[in-house]
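Heads up: the structure comes next, in structure tokens.
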Amino acid sequence: PQTMTTLFFPAYPWDKSSLKSMPVDLEQFEKLDAYALKVNVKNSVEELVTALLKQARTDLEKVRAIWMWICHHIEYDIVGYHDKSRLSSKPLDVLQTGKSICEGYAGLFEQMCSIAGIRCMKLSGYSKGYGYKMGQTFTGDSDHAWNAVYLDGRWHLLDSTWGSGTVDDSFTKFTFRYNEFYFLTHPALFINNHFPDNSNWQLLKPTLTLKEFENNMLHKSNFYTLGLLTAQPDTAVIHTENGKASISVDCRSATLFKFELKGAEEHGLMTLKKHGMKLDIYPQKTGSHNLQIFAKPSKASGEVYNCVLEYVIECKSVNKAMRFPKDLSQPVGPSWFTERQGFLRPSHPDPIIHTNDGRCSLTFTLGKDISVLALLHSDNGSLTEDTNKKHVMQIHRGNQIELKIHLPHAGNFVLKIYAKKRSDPGNYDYIFNYLITCLNTEVKWPAFPQIYKNWAEDYEIVEPLSGRLPANRNVQFKLKMHGIAKVLVQADDTAPLTQNRGYWEGTCNTAGCREVIVMVQENANHSFYSHVLKYEVESQ
């Protein structure tokens with residue numbers, strides 16, 4: 001229609017304002033929607049419209065009632081789609097059989113609007129719907145139909161076929177699943193998967209070419225209904241650079257993400273951001289890899305993750321150095337999520353910690369009264385369940401916790417951090433993890449000394465930090481402990497430590513013994529000593 005040129009056109013790309021092309025308050029539709037769903041008239045299209053309009057005053061309400069009825073009463077005719085001879089798209093036939101394909105949905109919508117006195121067009125074009133393959137081109141006849149309605153002096157787009165439900169992957173079963181997204185969709189979002197034969201009906205300035213439509217990233221409706229805004233890159237195929245592909249997503253509010261590369265959550269490093277996420281993928285084989293990204297709102301504890309994006313990653317060369325340990329869990333590193341669990345002000349905000357001398361130290365402020373458990377994992381089996389605790393030492397100062405890490409050798413490690421309420425007797429919950437890397441092959445730190453349960457959380461070892469002491473040597477001890485009467489270090493013979501400004505200090509000789517035990521006497525009136533630390537002594 002010529003009148004279209006004078007109207008307001010939204011620009012592409014989407015301005016991130018509203019998902020719809022006019023202000024719509026869904027709560028105000030609740031009564032009308034419920035009424036429209038109950039209307040049950042099959043004799044004629046006219047009678048159906050008359051019944052639906054009883055509760056509708058404005059043009060918008062009339063369109064809404066028609067839309068709601070069609071989306072909940074017409075099912076997609078899979079048999080008819082496969083065998084066109086058994087199919088009619090005439091509005092009355094669609095009404096009476098209760099099924100059709102897109103052509104019939106759009107035709108019935110157009111006729112019902114016309115009876116209701118609303119201008120409505122049936123549009124046809126290409127769609128990225130069932131059977132669409134990423135990056136494919138479109139040729140030949142159009143494959144889909146939808147509508148435009150004229151409300152408040154402008155045209156608006158809707159697709160009642162896609163509003164009504166979904167077809168399974170094998171195209172054998174239709175499921176009613178109402179989708180609000182396709183009612184008066186913002187044109188800059190509708191173009192994402194609808195390309196009309198007549199480009200005027202994109203309702204955009206400037207319009208997109210077919211080539212741009214083909215190359216553009218397909219965002220599923222889930223992408224927008226979950227509050228996601230943009231994704232980079234915006235093309236479906238990503239070529240790795242030096243074996244790496246990077247993807248980022250921006251969203252309105254805290255959202256949880258997952259990814260799968262060829263169906264498995266591996267070869268990636270994902271970090272959560274306050275408003276989105278970042279993902280680096282390092283495929284460990286050349287060739288084409290399918291990448292899916294899933295999301296769910298952070299508040300939804302029980303909800304499932306929905307697929308929001310799909311890419312194809314073309315990998316020319318493999319970066320072997322970025323082969324991640326199998327114990328690495330996604331997302332990696334601290335985030336708004338770990339803050340919620342009580343880990344505030346991390347000293348290392350990045351997911352990867354590089355250490356040259358094989359040592360590192362992380363600090364957090366604990367925002368909750370929690371006990372922390374930290375374990376170190378490595379792929380080559382050098383750390384057993386018994387030793388993965390002993391390469392991490394916790395030091396508490398007020399509400400601050402420090403994790404000191406001494407790596408047993410070079411390589412990639414995963415530091416897994418667990419927590420539980422201090423008052424809980426139960427198990428620790430996994431919270432998050434870091435990747436720790438060390439390239440220096442000289443590195444070979446022994447474990448920390450074994451710590452017994454009488455070692456209080458705010459005690460601190462100044463020296464010796466190594467759990468393995470040299471033989472036949474005088475070893476200097478300096479321990480920070482409070483509220484105790486006496487400290488003894490038991491080797492071949494037993495030596496006391498003396499208290500000096502909050503520290504207990506002294507020396508012990510390791511000659512003739514296999515281990516050294518530190519014992520404390522908590523009460524001067526009792527001769528009872530409890531073990532707090534144990535060191536091994538190197539063999540002669």
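Here are a few things to note about the model shown:
- For Y529, solvent-accessible area (1.4 Å; no DNA, RNA or ligand), Å²: 60 Å²
- Ordering E103, E522, E214 by accessible surface, largest first, gives E522, E103, E214; the 1.4 Å probe counts only protein heavy atoms, with every chain in place.
- Where no second cysteine Cβ lies under 4.7 Å, the cysteines concerned in the chain: C71, C102, C251, C307, C315, C360, C438, C508, C513
- Heavy-atom SASA rank of I517, I352 (probe 1.4 Å, accessible area, largest first): I352, I517
- Rolling a 1.4 Å probe across all protein chains gives S423 an accessible area of roughly 100 Å².
- For T175 and R359, a Förster radius of 60 Å and the Cβ-Cβ distance give a FRET efficiency of 0.60, rounded to the nearest 0.05.
- The antiparallel fraction among DSSP beta bridges confined to segment 225-315 stands at about 90%.
- Sorted from longest to shortest, the spans of the Cα atoms of segment 95-226 along the three principal axes equal 41, 38, 34 Å.
- Taking 1.002 mPa s as the viscosity and 20 °C as the temperature, the Stokes-Einstein diffusion coefficient of segment 394-495 based on its alpha-carbon Kirkwood radius rounds to 128 µm²/s.
- Assuming charge only on the beta carbon of Lys and Arg (+1) and of Asp and Glu (-1), the dipole of segment 225-315 about its Cα centre is about 340 debye to the nearest 20.
- Distance violations [Cα-Cα > 20 Å] among K90/K220; K368/K421; K62/K173; K31/K122: K90/K220; K62/K173; K31/K122
- Trypsin sites (Lys or Arg not before Pro) restricted to segment 352-402 and DSSP loop, no more than 15 other C-beta within 10 Å: K368
- Ordered from longest to shortest, the equivalent ellipsoid semi-axes for segment 1-84 are 28, 21, 15 Å, each the square root of 5 times a Cα gyration tensor eigenvalue.
- A simple spin-label model places the labels of S298 and D197 4.8 nm from each other, with each point 7 Å out along Cα-to-Cβ.
- Rounded to whole Hz, the Karplus (6.51, -1.76, 1.60) HN-Hα couplings of segment 427-438, x for glycine and proline: 7, 7, 9, 5, 10, 6, 9, 10, 9, 10, 10, 9
- The relative contact order of the chain comes to 8 percent, based on Cα pairs under 8 Å that sit 6 or more residues apart.
- Once the mean of 1/r is taken over each pair of separate Cα atoms and inverted, the chain shows a Kirkwood hydrodynamic radius of 28.3 Å.
- Over the chain, accessible surface divided per residue gives 49 Å², non-protein components excluded, 1.4 Å probe.
- Percent accessible area from carbon and sulfur atoms, the chain, protein chains only, probe 1.4 Å: 48 percent
- Top positive-direction residue, dipole computed over the chain with Cβ charges, set Y150, S170, P10: P10
- The charge dipole of segment 450-537, taken about the Cα centre with unit charges on the Cβ atoms of Lys, Arg (+1) and Asp, Glu (-1), comes to about 80 debye, rounded to the nearest 20.
- Summarised in one figure, the compactness ratio Rg/Rh of segment 218-271, Cα atoms and Kirkwood Rh, is 0.96.
- Ordered from largest to smallest accessible area (heavy atoms of protein chains, 1.4 Å probe), the residues E536, E463, E505 come out as E536, E463, E505.
- Spherically averaged projected area of segment 225-315 from its Cα convex hull (nm²): 5.5 nm²
- In the chain, helical runs assigned H by DSSP with n ≥ 4 each contribute -39500 (n - 2.57); averaged across all residues and rounded to the nearest 500, the mean residue ellipticity at 222 nm is -4000 deg cm²/dmol.
- In the distance distribution for segment 450-537, Cα-Cα pairs more than 17 Å apart total 42 percent.
- About the Cα centre, charge dipole magnitude for the chain (Lys/Arg +1, Asp/Glu -1 at Cβ), debye: 560 debye
- For segment 355-399, the Stokes-Einstein estimate of translational diffusion at 10 °C and a viscosity of 1.306 mPa s comes to 126 µm²/s, using the Kirkwood hydrodynamic radius over alpha-carbon pairs.
- Nearby lysines by direct alpha-carbon distance to K486 (threshold 29 angstrom, same-chain neighbours under 8 apart not counted): K389, K390, K404, K453, K478, K534
- Normalised per residue, the volume of the convex hull around the Cα set of segment 248-299 (Å³): 71 Å³
- Quotient of Cα Rg and 2.2 N^0.38 Å for segment 336-438, N being how many residues it contains: 1.04
- If you wrap the Cα atoms of segment 136-212 in a convex hull and average its projected area over all directions, you get 6.3 nm².
- Pair A485, A410: separation of 7 Å Cα→Cβ label points (nm): 5.3 nm
- You can think of it this way: the chain between S530 and E75 has 156.3 nm of extra reach, that is 0.36 nm per residue less the Cα-Cα gap.
- S124 accessible area, 1.4 Å probe, all protein chains in place, Å² to nearest 10: 40 Å²
- Applying 1/(1 + (r/R0)^6) with r as the Cβ-Cβ distance of S85 and Y130 and R0 = 22 angstrom yields a FRET efficiency of 0.55.
The values are calculated or read from the model by the stated rules, or taken from the named source; none is laboratory data. Everything numeric here is computed off the predicted structure, so don't read it as measured data. Every residue, glycine as well, gets a Cβ built from its backbone with ideal geometry; the counts of neighbours run over all protein chains shown. The area values use the complete protein model at the heavy-atom level, side chains included, leaving out ligands, DNA and RNA. Shrake-Rupley method; radii C 1.70, N 1.55, O 1.52, S 1.80 Å.
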